[in-house]
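Quick notes on the structure that follows.
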Ligand SMILES: C[S@@+](CC[C@H](N)C(=O)[O-])C[C@H]1O[C@@H](n2cnc3c(N)ncnc32)[C@H](O)[C@@H]1O
C-alpha cells in the first residue's frame, strides 16, 4: 500500500519507541516538514474548511475598531504593533489593515501589522524569512511593511522571536490547532491514549500518562469525570502564554477560537472529547484517515487559557461570544451600510448572508473571544466586551 511520507514518519516513530503520544501524532500530521497538513497546504487550507477571516472582511473591520480603542488606552503611541499569529493566508491581516486605513490618519499611521505563521500561506517574498532580533524593536517598524499591503509577513513558530511589543497580539483559530494529549478514565484513574500499530494498522492503546501535567490539569479544574470518559488536554497553552508574556511589553492579547469554559468543555455533553478532523469541508472524528491531508482540531479550554495567562502576568479583562463581541463593535451599523453600497441585489444578498454567518449562534457566532492585558492602567472596559455573556 502506498503511504504518505507523513504516515511513514509516524510509523517510523512508533517502530522506534513502540508507541507515541497522540500529541506527537497530531504534531506530525499537521506540521511535519515532510508534508504535514499545514506545512504542505495542498490546494490551500480553504479547500478544507472556512474561518471567520475568510468569510467576510467586516470581521477585520470590526476588530480594527477594537484596536483603535486599545491604541487610545495605550496613550496613542506613534508605533502600535499588531502581531497576528497563525495568520494563515493573511485574509484577516488584509481586512484589518484596509479598515485601519479608513480610520483617523494618526491611528492608521501608527499601526505596524505583522502577520506571522509557522508555514505562511502567502507567496514567498524577500520578507518571508525575516527574523526578529528582538533587542531594539527596529525589526518591526512601519518601514518594514510591504507598502502595497501594509503588512509585514514573518515566518515563525509562535512568538519566540518577538520582544518589546507595545500593542496587541491577536490570533484567530490558532489554539485549537495546538497538539493535544488525549486521555480516558479507566478503573477510576486517568490513562493516556497512545498511538501504536497492530497488525499493520494504526491503533490506540491506554497506559500511564506520559506527563504528570495531564492529571494535574484535570485535578486543578476540579472535574469529576465518569468511567469511560474521554477527552483532550492542551498542554501547549502553558508555553504559549509564557511566550505571550515575554513578547508583550505593554498591551493586549485577543484570542478568538471555538471552545468553552472547562466546566462546559469537560461535561457530559462531550463524553468522547471534542476532537474533530476536516477534509474538503467534510467533518469526521477519525484522525487516522487522510493522514497529512486533513486538519485535526480540538475545542479550546478557555479556563485553562485564562489561568495560564494569570500565572504569566496576563490579566483577563474580557470573555464573550463572538456574536456579542462583533455586535458591541458595531456589527449592525456595518450591516445597514451594506444597503448603501453600489452593488447588484444578488451580490448584496450574498454579502449579507456571509456577514450573518459571523454572528449566527450555530456558526461563528458561538466562538469565544478572550481579552487579556499586561501593563498598569489597561484593566478597563474594552468596547467589544460590554454586556459579556459567554
Ligand atoms: C486554522 S488556521 C487559521 C488561519 C487564520 N488565522 C484564519 O483565521 O483563517 C491555523 C493557522 O495557525 C498556524 N499555526 C499553528 N501553530 C502555529 C504556531 N505555533 N506558530 C505560528 N503559526 C501556527 C497554521 O500554520 C495555520 O496557518
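For the stretch 155-164, state whether one or more residues are within 16 Å of the ligand (Cβ to nearest atom), in a strand (DSSP E or B) and at negative phi. There is at least one residue in the stretch 155-164 that is within 16 Å of the ligand (Cβ to nearest atom), in a strand (DSSP E or B) and at negative phi. Taken as a whole, the condition of being at pLDDT below 85, more than 30 Å from residue 298 (Cα to Cα) and surrounded by fewer than 23 Cβ atoms within 10 Å (Cβ to Cβ) does not apply to residue 98.
Within the stretch 262-274, can you find the residues that are in contact with a strand residue (DSSP E or B) (Cβ under 8 Å, 6 or more places away or on another chain) and surrounded by fewer than 20 Cβ atoms within 10 Å (Cβ to Cβ)? Can you show your working first?
Initial filter on the stretch 262-274 (in contact with a strand residue (DSSP E or B) (Cβ under 8 Å, 6 or more places away or on another chain)): 262, 265-266, 270-274.
Listed by number, the residues that qualify are 270, 271, 272.
Among the candidates 293, 281, which residue alone is loosely packed, with under 12 Cβ neighbours inside 10 Å, under 23 Å from residue 46 (Cβ atoms), modelled with pLDDT under 95 and touching a helix residue (DSSP H, G or I) at 6+ places or on another chain (Cβ under 9 Å)?
Result of the check over 293, 281: 281.
Looking at the stretch 349-366, is at least one residue without any contact (Cβ under 8 Å) to a residue 60 or more places away in the chain, part of a helix (DSSP H, G or I) and buried (at least 19 other Cβ atoms within 10 Å of the Cβ)? Looking for residues that are without any contact (Cβ under 8 Å) to a residue 60 or more places away in the chain, part of a helix (DSSP H, G or I) and buried (at least 19 other Cβ atoms within 10 Å of the Cβ), one finds at least one in the stretch 349-366, hence yes.
Taking every residue in the stretch 31-49 that is at pLDDT below 75 and pairing it with any residue that is more than 9 Å from the ligand (Cβ to nearest atom) and assigned to a loop (DSSP other than H, G, I, E, B), at least 6 positions away or on another chain, the pairs with Cβ-Cβ distances below 6 Å are 48/280.
Return yes or no: is residue 381 touching a strand residue (DSSP E or B) at 6+ places or on another chain (Cβ under 9 Å) and loosely packed, with under 14 Cβ neighbours inside 10 Å? Judged against the criteria, residue 381 is a match.
Got a sec? Which helices (runs of 4 or more DSSP H) wholly within the stretch 1-95 have at least 2 residues that are away from the ligand (no atom under 11 Å from the Cβ) and farther than 15 Å from residue 288 by Cα?
Values: elements: 5-17, 22-31, 37-40, 52-55, 58-73.
The qualifying helices (runs of 4 or more DSSP H) are 5-17, 58-73.
The values are calculated or read from the model by the stated rules, or taken from the named source; none is laboratory data. Since this is a predicted model, take the numbers as computed values, not measurements. We place every Cβ from the backbone using ideal geometry, glycine too, and count neighbours over all the protein chains shown.
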